[in-house]
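The values are calculated or read from the model by the stated rules, or taken from the named source; none is laboratory data. Nothing here was measured: the structure is a model prediction, and the numbers come from that model. Backbone-built Cβ (ideal geometry, glycine too); neighbour counts: all protein chains shown. Quick note on the areas: whole protein, heavy atoms, side chains included, nothing else; ligands and nucleic acids left out. Shrake-Rupley method; radii C 1.70, N 1.55, O 1.52, S 1.80 Å.
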Amino acid sequence: MAVRWTGPRENLAQFEHVLHEVGLAPRPVPFLDEAFHLDAGSRACVRALPAAMRGELALQSAASMAAACALTPQPGEDVLDLCAAPGGKTALLHRLMQGQGRLVANDASRRRLDRLRDQLQQLGIEGVQILNREGAALANELPNCFDRVLVDAPCSGSGRWHGGDPTAWSTWTPSTPKSLARRQVGLVSAACTMVRPGGRVVYSTCTLAPEENEGVLDRLLSKPPVPLRMVACPLHVPGERPPLSSWLDVTFDPQIAAARRIVPGCEGMTGFFIAVLERC
Ligand SMILES: C[S@@+](CC[C@H](N)C(=O)[O-])C[C@H]1O[C@@H](n2cnc3c(N)ncnc32)[C@H](O)[C@@H]1O
């Protein structure tokens, strides 16, 4: 469990003090100075804090924060969160942009977008443009429009599976990664056409399945919709490992070595995959 301070910057130290006082054992998240791993306590305990009532904190996995941070959005930029609901990363992108610029949050699910609206409202975030489109189709509407696009893709979620929660994999079948990979290639490919030359795309998943990670990038790079190159992830994340160079009978494009796998269990991280692409 990790928590992110979303209130006024000057009250951050006081927030950390409160987390210690109530026994949540906060430990800084190394790549985001407003976030803390919580080594004790429960979600209920965090939700009961006065800061939670005031909408000044967000519970979010640290790996999830890393994906949004890897996009390095700047104040004043045009940024798209292509698969945004329920909005945890949108809220962090808004914070990193200091509320300045154009932030668009899209998701194919209307129901999940309701949750995104609720979350942004709870955090007092205004000015985010919300779209309900199939992500790949959005490329026809908004080509060359953004400085940065986050593709936090729908995935099989194996990075978050743990023995105590078998429902997490109850719908998984051996064909799940392959069928998701088709959709993921469409989404990241569309994202690359929506950034301007020089713009960046982050592709992230919370799965460890190579078909949905290295395999997706390999298919993208073998048939790029626009000229692309992979760039190094701009942050160091606990538990990060190099990606796979091959899987079964496929040897992946060597550029994919710039991506990062985050292994679950290391310093409280959940399993994640993060890749940064730049349009040339
Ligand atoms: C991993 S979740 C995103 C989590 C979100 N980024 C966050 O941090 O709160 C993936 C999202 O992709 C959406 N999705 C699935 N297929 C999509 C598509 N073709 N186009 C756009 N969104 C899609 C799902 O509805 C789901 O909300």
GNM, the chain, Cα, under 10 Å: largest mean-square fluctuation among A84, A44, A153? A44
Within a Gaussian network of the chain (alpha carbon springs, distance under 10 Å), most fluctuating of G101, G164, G265: G164
Extension gain K223-D33, at 0.36 nm per residue separation less the Cα-Cα distance, in nm? 64.6 nm
Per-residue ellipticity at 222 nm attributable to helices in the chain (runs of n ≥ 4 DSSP H, -39500 (n - 2.57) apiece, nearest 500 deg cm²/dmol) works out to -8500 deg cm²/dmol
Rounded to the nearest 5, the percent of antiparallel DSSP beta bridges in the chain equals 60 percent
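What is the calculated FRET efficiency for L59 to S175, with r their C-beta to C-beta distance and R₀ = 30 Å, to the nearest 0.05?
The value I calculate is 0.35.
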Cα centroids of segment 7-47 and segment 115-181: how far apart, whole angstrom? 26 Å
Yeah, segment 146-220 with a ≥ b ≥ c from its alpha-carbon gyration tensor (a/c under 1.5 is rounded, else prolate when a/b outruns b/c, oblate otherwise) is prolate
So the angle from the long Cα axis of helix 12-21 to the longest Cα principal axis of the chain, reported in degrees to the nearest 10, equals 70 degrees
Using a/c under 1.5 as the rounded threshold, could you call segment 189-244 rounded, prolate or oblate? The axes a ≥ b ≥ c are square roots of the C-alpha gyration tensor eigenvalues, and prolate needs a/b larger than b/c, oblate otherwise. oblate
For segment 1-51, shape from the Cα gyration tensor axes a ≥ b ≥ c, cut at a/c of 1.5 then a/b versus b/c, turns out oblate
Label-reachable residues, segment 149-180, where backbone N falls under 18 Å from a point 7 Å from L248's Cα toward its Cβ: 156-158, 172-180
Rounded tilt (10° steps) of 176-194 against the dominant C-alpha axis of the chain: 90 degrees
If I compute solvent accessible area with a 1.4 Å probe over the protein chains, what percent of it on the chain is carbon and sulfur? 52 percent
Taking each pair of different alpha-carbon atoms in the chain once, compute 1/r for the pair, average those values, and report the inverse of that mean as the Kirkwood hydrodynamic radius in Å to one decimal. 19.1 Å
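Stretched out fully, how many nm does the piece from R110 to E134 gain, at 0.36 nm a residue minus the Cα gap?
Once the chain is fully extended between R110 and E134, it gains 7.6 nm.
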Dipole axis of the chain (+1 Lys, Arg; -1 Asp, Glu on Cβ), positive-most option in N132, A275, S222: N132
How many percent of DSSP beta bridges within segment 1-160 run antiparallel, rounded to 5? 45 percent
Relative contact order [Cα under 8 Å, 6+ residues apart], the chain, whole percent: 17 percent
Highest-MSF residue in the chain out of G135, G76, G239 [GNM, Cα springs under 10 Å]: G76
Could you work out the mean projected area of the convex hull around the alpha carbons of segment 1-146, in square nanometres to one decimal? 8.6 nm²
